[in-house]
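The values are calculated or read from the model by the stated rules, or taken from the named source; none is laboratory data. Predicted, not measured: the structure shown is a model, and the values here were computed from it. Backbone-built Cβ (ideal geometry, glycine too); neighbour counts: all protein chains shown.
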Amino acid sequence: MRWSHLLTPLSPVYGAIVRMRVSAFRRGLLKSERCGIPVVSVGNVTFGGTGKTPMVITLVKDLIARGRRPAVLTRGYGRMGAEPLVLTGPEIRASVTETGDEPLELAQRLPGVPIVVDADRIRGGKLAAELGADIVILDDGFQHLRLHRDLDLVLLDAGDPWGGDHLPPRGRLREPVEALERASAVIITKVDVGADQPPQDIVRRITTIRPDLPVFAARLVPQRIRTEAGWVDPTELRGRKVFAVAGLGRPEGFRTLLESTGAEVVGHRWFADHHPYGPEDRAWIVREAQRIGGRVVTTAKDAVKLDPLEGLWVVETVMQPVEGQWDRLWSLSLEVV
């Protein structure tokens, strides 16, 4: 018997608590509050690995191209301090311990866009409005029901959409998949490069939960590589031996991404999501990469905690919608158009 099966009886307890909380909001026992401007939530039903940060970046850039003034609201997982923090990059005078890894990455990649870091999402949303934003992208907000959302976008990883079909402590589901009933739309991420439509097996299961739920698809693709000599095209990875390092919800997806560029992944080290890299981690990574003979390659999220590391290459990714731009997505809510 696998030890994980011994944890199965605890999953219904977790699920019951989640359902009770959602029911309390639905029945009005707990209240959602507006922040004064439209809010678009980007979230998921699993713990990590769906590409929320690249999706947030893509949506923000698309909104800017449409003449909007977006701000990003994020919790700042693992940061020190509880006071709200505003980052407007790219030259950030703050450490990752003050901001959290994802806010720092967002600020570096979205210069001029207010990145509001606050565990109190209602307070953070109101602050974004005070800063002049006319729309908020709420990072990782599907389960944060206290802040009213005008669009609830749920991401599913095409490689592992259902988190093993189990709630904690055995599986990676944050809540039962039936939670998709309250979504505005589902975006299936990390679909194959050659695909021209969402994976139909995933779509079929979504439709059993809610037949009218709009489903979109997006590819996670490398945009550029940061090297010690500057930015280079992802084609520079073709045929190169690399040692992959990542602390993600589903790090295997990073390996798949690297292999799609033609890189030869000769070794890897996966850490827990949001891992705080220490001196021992850095030393081990360098030694192992030298032993195997591969270039150390990591994600933009991990780079904010690994810099400076000798010879480190950083892969920046973007989400590309499979079917054109996001016109149909924004049309789901007149308040957001």
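Looking at Gly78, Gly132, Gly164, Gly159, just one residue is in a loop (DSSP other than H, G, I, E, B), closer than 26 Å to Pro211 by Cβ and of a type in the set (Gly, Ala, Ser), and that residue is Gly159. Reported count of residues in the range 93-116, each being modelled with pLDDT of 95 or more and more than 22 Å from Val318 (Cα to Cα), is 0.
Would you say Ala129 is touching a residue at least 60 places away in the same chain (Cβ under 8 Å), under 19 Å from the mean Cα position of the chain (by Cα) and surrounded by fewer than 23 Cβ atoms within 10 Å (Cβ to Cβ)? Considered against the rule, which asks whether it is touching a residue at least 60 places away in the same chain (Cβ under 8 Å), under 19 Å from the mean Cα position of the chain (by Cα) and surrounded by fewer than 23 Cβ atoms within 10 Å (Cβ to Cβ), Ala129 comes out as no. Number of residues in the range 1-22 that are modelled with pLDDT of 80 or more, of a type outside the set (A, V, I, L, M, F, W, C) and over 24 Å from Ile187 (Cα atoms) equals 1.
The condition of being closer than 19 Å to Glu335 by Cβ, more than 15 Å from the chain's Cα centre (by Cα) and without any contact (Cβ under 8 Å) to a residue 60 or more places away in the chain holds for only one of Ile37, Ile64, that being Ile64. Taking the criterion of being surrounded by fewer than 22 Cβ atoms within 10 Å (Cβ to Cβ) and not basic (Lys, Arg), the residues of the range 286-302 that qualify are Val286, Glu288, Gln290, Ile292, Gly293, Gly294.
Any chance you could count how many residues in the range 35-69 are of a type in the set (Ser, Thr, Tyr), farther than 20 Å from Ala272 by Cβ and out of contact with any Gly (no Cβ under 6 Å at 6 or more places or on another chain)? Of the residues in that region, 1 qualify.
Screening Gln108 with (1) on the phi > 0 side of the Ramachandran plot; (2) part of a helix (DSSP H, G or I) gives one miss only, at (1). Checked against (1) within 27 Å of Ala300 (Cβ to Cβ); (2) in contact (Cβ under 8 Å) with a residue 24 or more places away in the chain, Gly194 passes all but condition (2).
The lone criterion from (1) under 26 Å from His275 (Cβ atoms); (2) more than 13 Å from the chain's Cα centre (by Cα) left unmet by Leu106 is number (2).
Any residue in the range 230-251 that is within 12 Å of Val315 (Cβ to Cβ) and of a type in the set (Asp, Glu)? Yes; the residues of the range 230-251 include at least one that is within 12 Å of Val315 (Cβ to Cβ) and of a type in the set (Asp, Glu). So is Arg328 in contact with a helix residue (DSSP H, G or I) (Cβ under 8 Å, 6 or more places away or on another chain) and either β-branched (Val, Ile, Thr) or surrounded by 13 or more Cβ atoms within 10 Å (Cβ to Cβ) (or both) or not? When the stated conditions are applied, Arg328 does not pass them. Listed by position, the strands (runs of 3 or more DSSP E) enclosed by the range 202-319 that each have at least 1 residues that are assigned by TED's automatic domain parsing to the domain that holds Gly171, touching a helix residue (DSSP H, G or I) at 6+ places or on another chain (Cβ under 6 Å) and closer than 24 Å to Lys52 by Cβ are 215-227.
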